[in-house]
Amino acid sequence: MKIRINPERQLFKRDKMIYGHFIEHFHRQIYGGVYDPESPFADESGLRTDVLEAMRELEVPVLRWPGGCFVSCYHWKDGVGPERKPFFDKAWRVEDPNDFGTDEYIGMCRKIGCEPYICTNAGTGTAEEMSDWAEYCNLENEGQYAKWRIANGHPEPYGVKYWSIGNENYGFWEIGAKGTKEWGRLVEESAKMLLRVDPEIQLSAAALADVDWNLEILRNCGPLLKWISIHSYWDQLNQVNRLATYEESMAYTEDLERDIRKVRGLLCALGLEKQVRIAFDEWNLRGWHHPNFAMIPAKDKRDYLIPRDKNDDNASYTMADAVFAACFLNTCNRNGDIVGMANFAPIVNTRGCIYTHRDGIVLRGTYHVFWMYVKLMGDRILDQWCQETEKMTVRSKDGKHCSVDAVDTVAAFRQDGMITVAAVNKDGASERKISLEIPGAARYRVHTLNGESTDSYNDVGLEGITRKNGEWTACAGTAEIALEPHSVNIIEVERA
Ligand code: AHR
């Protein structure tokens, strides 16, 4: 496969927030995850220092919180101040102690060095409750909520820039699900009140790749929004924990751009493509396993609480997750002119990239994918065109045969002058050769993430997926590279 790259043709600068993350009050993401006062790793605020360090190393740019389905019945006022009121979380049917609330969240973001991104309750919540939250976070001292923040020991406003109105309120599974018209009105009223509190905030609204739903929002509220939020989990494990195989997982890469294309098209049709960007603010190859939670929930905890522990099975986080994640990050880079944020769902435990246990953490394969992209990939996307693209046929989970590109690449110019190419070999069995033609290329080296097989994984005391850095190799304009099977690669090309 030949890939010609034009170093002089920088298409756009991608936003670093495409490497964002998400954390929800679900299972062991917050409680027993990043927030664990009993842990030997806990700092004075109960946050695990080993988890914070891993997040800092990833240079997490933005962290969306507190949900997710959780938020649609969450009332933020119960989670601030000296008296915390535990509540029964009707989304996930557990008691939430409310020990971790807005102040703890902002404190965590400050320790990570990331932007906070608050998703508000548009399920049982109101426009007023959302805007009171913005008062608490962003007003200097006007009104009761800013004064409450000060009384809670936080004199300076938090300056939370990113706010989302609602989470998946289009879905029957969401508490406070809404119809299209109802949703458009609520978004408009909520946006109006939030912006009256702080006109500087950037608002998103829960959306999906559906014309009718999005038209209602964008027609009424387009001028009030800077973002439109969409989500995707391709391998749905919510009810049945039957994981797609590596091959079946590659079938999902057939058209990763589909939803982005649809939303982009609508934004362009409405003339909003320069004002509103896409926040793909929940994504992961696989959904989270939590059976019997929506509509008619199970009576027996063994049927809905205990199965959640299956998300902690590190053997289920293989090269399928890593290769898929790299293909999705390539998709975000290629569409970086309209995709300004993407949030891996989630970052800690469940199907996240950092797993916590009593004695430490495990960095799953997806953690290393983010590390490679954040540390090695440039931020100015370059024009490239491919010849002799190679296809491979894979069988999807529902038994269909799909033809997918065997290799997925994107090129970017890095500030130090290096040309960087993210090259993913999705073929689970064979190496695939690429020929990078870059005017002036003098030498290159390949950083590879891989395991011995498609089913390799990392666990406590096991490093089945590792990064290795290749040696510099001289070339004269063309780098001939063999990509290992099922591997994620970042190639650095230095020009004379
Ligand atoms: O499975 C977790 C849920 O997936 C999140 O809470 C929600 O936003 C999405 O539907």
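From its DSSP helices (H runs of at least four residues, each -39,500 (n - 2.57)), the chain gives a residue-normalised ellipticity at 222 nm of -7500 deg cm²/dmol.
Taking 7 Å steps out from each Cα toward its Cβ at ARG358 and LEU270 produces label points 5.2 nm apart. For the pair region 354-379 and region 166-238, the centres of their Cα atoms are 30 angstrom apart. If you take all other residues with their beta carbon under 15 Å from the beta carbon of ARG495, and give Lys and Arg +1 and Asp and Glu -1, the sum is +1. A DSSP coil position with no more than 10 other Cβ atoms inside 10 Å describes none of the chymotrypsin sites (Phe, Trp or Tyr not before Pro) in region 1-60. Carbon-plus-sulfur accessible fraction, region 110-184 (probe radius 1.4 Å, protein heavy atoms only): 54%.
Along region 79-95 the Karplus relation, 6.51 cos²θ - 1.76 cosθ + 1.60 evaluated at θ = phi - 60°, assigns HN-Hα couplings of x, 10, x, x, 9, 8, 9, x, 9, 7, 6, 6, 6, 10, 6, 9, 7 Hz to successive residues, with x for each Gly and Pro.
Annotation note: GluC sites (Glu not before Pro) in region 422-496 located in DSSP loop regions with a Cβ neighbour count of at most 11 within 10 Å are GLU452, GLU471. Accessible surface area normalised per residue over region 14-376 is 35 Å², counting heavy atoms of protein chains with a 1.4 Å rolling probe. Restriction of the chymotrypsin sites (Phe, Trp or Tyr not before Pro) in region 157-259 to DSSP coil positions whose beta-carbon has at most 12 other beta-carbons within 10 angstrom yields PHE172.
A simple count of charges around TYR457, restricted to other residues whose Cβ falls under 9 Å of its Cβ and scoring Lys, Arg +1 and Asp, Glu -1, yields -2. Across the protein chains, with a 1.4 Å probe defining accessible surface, the residues VAL71, VAL94 rank VAL94, VAL71 from largest area downward. Across region 464-483, the residues whose backbone nitrogen lies under 12 Å from the label position 7 Å along the beta-carbon direction of LYS433 are 480-483.
With contacts taken as Cα pairs under 8 Å and at least 6 residues apart, the chain reaches a relative contact order of 18 percent.
The values are calculated or read from the model by the stated rules, or taken from the named source; none is laboratory data. Given the structure is predicted, the values throughout are model-derived calculations rather than measurements. We place every Cβ from the backbone using ideal geometry, glycine too, and count neighbours over all the protein chains shown. When the accessible area is computed, the model is the full protein with side chains, heavy atoms only, and any ligands, DNA or RNA have been set aside. Shrake-Rupley method; radii C 1.70, N 1.55, O 1.52, S 1.80 Å.
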